[in-house]
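Take a look at the structure set out below.
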Amino acid sequence: MKVRRMEKRLSLMEKLAIPEILKGLSITFRNMFRPKVTRQYPEERYEAPIALKGQPLLVENEDGTPRCVACSMCEVVCPAMAITIKAEETERYIEREPEEFSIDMLRCILCGLCEEVCPKEAIIMSDRYELANFTRESLVFHKDRLMTPIKELEGRIRFTKEKFDKWHR
């Protein structure tokens, strides 16, 4: 016994897929006249919120000395092992300070653990998010490039104090 298949006959419009084409064109024309949401970077800069975890920086005291006491807690806690510290003794009221301090920004995952673990608030996640360069060596930031005056970082320091204040009560 033969089985007959029921096949639908397509019209010329359906064969040419004209309804689908018209549907797609209507969506295109509808969206063509909506306001643009694309930012024209670098002409239009992104104003980063204070909570952004950008490039980590070392806080420089008003007298030009680093706030860091070279305790190496940030180096230990870093999951990407991007931080390297070599300590030296000092004659100031603190016993040690970093002789060498470097962060390999190619390895850094901008997690902010170094900022959270620092007992002296010496390393701060800044709002700098543009981390591009032409060579690998230029993306290893050393102490002289990381040191930033405390005045430039006051907003972020205030934000982190408010954020972590619940742990100090």
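Evaluating Ala80 against the criteria (1) part of a loop (DSSP other than H, G, I, E, B); (2) over 24 Å from Leu106 (Cβ atoms) leaves one unmet condition, (2). Against the numbered list (1) under 15 Å from the mean Cα position of the chain (by Cα); (2) outside any loop (DSSP other than H, G, I, E, B), Ile50 comes up short only at (2).
Each residue in the range 53-77 was checked for being part of a strand (DSSP E or B) and farther than 18 Å from Arg128 by Cβ, and 1 of them qualify. Of all residues in the range 139-154, exactly one satisfies the criterion of being exposed (fewer than 11 other Cβ atoms within 10 Å of the Cβ) and within 25 Å of Ala87 (Cβ to Cβ), namely Asp144.
All of Leu153, Leu106 fail the test of being within 26 Å of Tyr46 (Cα to Cα) and assigned to a loop (DSSP other than H, G, I, E, B), apart from Leu106. Looking at this structure, is Arg158 in contact with a strand residue (DSSP E or B) (Cβ under 9 Å, 6 or more places away or on another chain), exposed (fewer than 14 other Cβ atoms within 10 Å of the Cβ) and basic (Lys, Arg)? Judged against the criteria, Arg158 is not a match. Note on the range 84-108: residues that are crowded, with 19+ Cβ neighbours inside 10 Å, farther than 15 Å from Met147 by Cβ and more than 14 Å from the chain's Cα centre (by Cα) total 0.
Exposed (fewer than 15 other Cβ atoms within 10 Å of the Cβ) and either in a loop (DSSP other than H, G, I, E, B) or acidic (Asp, Glu) (or both): is that true of Glu43 in this structure?
Yes.
Within the range 109-137, how many residues turn out to be surrounded by 11 or more Cβ atoms within 10 Å (Cβ to Cβ) and either under 26 Å from Glu43 (Cβ atoms) or β-branched (Val, Ile, Thr) (or both)? Residues meeting the conditions: 12. Considering each residue of the range 19-33 in turn, none proves to be under 22 Å from the mean Cα position of the chain (by Cα) and either on the phi > 0 side of the Ramachandran plot or among the acidic types (Asp, Glu) (or both). Looking only at the range 83-102, which residues are in contact with a Ser or Thr (Cβ under 8 Å, 6 or more places away or on another chain) and either outside any loop (DSSP other than H, G, I, E, B) or polar (S, T, N, Q) (or both)? Result: Ile83, Thr84, Ile85, Ala87, Arg96, Glu97, Glu100, Phe101, Ser102.
No value in this document is a laboratory result; all are computed from the given coordinates. Quantities reported herein were computed from a predicted structural model and do not represent experimental measurements. In this analysis, Cβ positions are derived from the backbone assuming ideal geometry, glycine residues included, and neighbour counts consider all displayed protein chains.
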